[in-house]
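Notes follow once the structure below has been shown.
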């Protein structure tokens with residue numbers, strides 16, 4: 001990948017990415033915060049946090065940074081694959097990094113981070129859907145991905161309307177796509193096995209390794225701003 005970056009003309013942007021990441025996240029590793037839990041977290045994130053409950057705070061910070069870098073690279077490739085830029089442009093990755101990193105209270109693991117991976121997959125499927133007459137597979141993939149994302153952060157379920165809005169934009173008027181999107185979304189809900197593992201279905205009680213909602217009163221919603 002480094003060889004490709006050096007040849008594609010994005011080396012300066014990649015260097016800026018590394019500098020910004022270091023400036024934001026080195027202090028987070030020096031003074032690590034535990035994972036953030038909120039009342040809007042889904043069952044899969046609750047399960048993930050339960051696995052990390054007895055680990056050091058640096059594990060949550062390292063996992064958070066890894067997910068951010070993965071999302072940044074994934075979004076970069078999605079934009080390149082769909083021809084959004086005439087030449088290689090690392091700007092989407094920079095936007096992802098800054099959006100997730102600007103608030104020190106959230107420089108650790110929170111529900112949007114794992115959910116964002118599936119949102120990017122859904123966005124890619126919606127982009128590929130354009131111009132296809134029977135994009136059933138893409139519709140199902142997008143809806144299923146949004147369904148999985150909502151199992152990490154519940155409010156993301158409303159992004160199902162994004163798929164329906166895309167149908168209007170793409171002038172898709174048949175009922176099959178709408179039905180498939182609902183089936184794909186519900187299939188993700190039925191595939192969730194975390195409730196059987198944690199039968200109480202309640203949020204974890206904050207302890208020394210889990211951070212409750214930040215005192216600032218902020219939610220995770222601003223960290224989906226890159227969707228715009």
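The values are calculated or read from the model by the stated rules, or taken from the named source; none is laboratory data. In this text, all values refer to a predicted model and were calculated from it rather than measured experimentally. We place every Cβ from the backbone using ideal geometry, glycine too, and count neighbours over all the protein chains shown.
Say we look at segment 152-174 and pick out the residues that are assigned to a helix (DSSP H, G or I) and touching a helix residue (DSSP H, G or I) at 6+ places or on another chain (Cβ under 6 Å); which of these is farthest from residue 50 (Cα to Cα)?
Only one residue tops the list, namely 167.
Taking the condition of being in contact with a helix residue (DSSP H, G or I) (Cβ under 7 Å, 6 or more places away or on another chain) and not in a loop (DSSP other than H, G, I, E, B), how many residues in segment 72-90 meet it?
Here the count works out to 7.
Among the listed residues 144, 190, 185, 118, identify the single one that is free of Cβ contacts under 8 Å to residues at least 12 places away in the same chain and either out of contact with any helix residue (DSSP H, G or I) (no Cβ under 7 Å at 6 or more places or on another chain) or in a helix (DSSP H, G or I) (or both).
None of the others qualify; the one that does is 190.
Regarding residue 26, is this residue assigned to a helix (DSSP H, G or I) and in contact (Cβ under 8 Å) with a residue 40 or more places away in the chain?
Answer is no for this residue.
Among (1) farther than 29 Å from residue 177 by Cα; (2) not in a loop (DSSP other than H, G, I, E, B), which single condition is residue 109 missing?
Against the list (1) farther than 29 Å from residue 177 by Cα; (2) not in a loop (DSSP other than H, G, I, E, B), residue 109 comes up short only on (2).
Suppose the filter is at pLDDT 50 or above and over 16 Å from residue 123 (Cα atoms); does residue 172 pass it?
Yes.
State which residue pairs qualify: first residue at positive phi and surrounded by fewer than 18 Cβ atoms within 10 Å (Cβ to Cβ) and inside segment 58-73, second residue modelled with pLDDT under 95 and in a helix (DSSP H, G or I) in any location, beta carbons under 7 Å apart, and separation of 6 or more residues or different chains.
none
Here is a list: 222, 199, 214. Which entry is part of a loop (DSSP other than H, G, I, E, B), modelled with pLDDT under 80 and either under 16 Å from the mean Cα position of the chain (by Cα) or exposed (fewer than 14 other Cβ atoms within 10 Å of the Cβ) (or both)?
Just a single option satisfies the conditions, and that option is 199.
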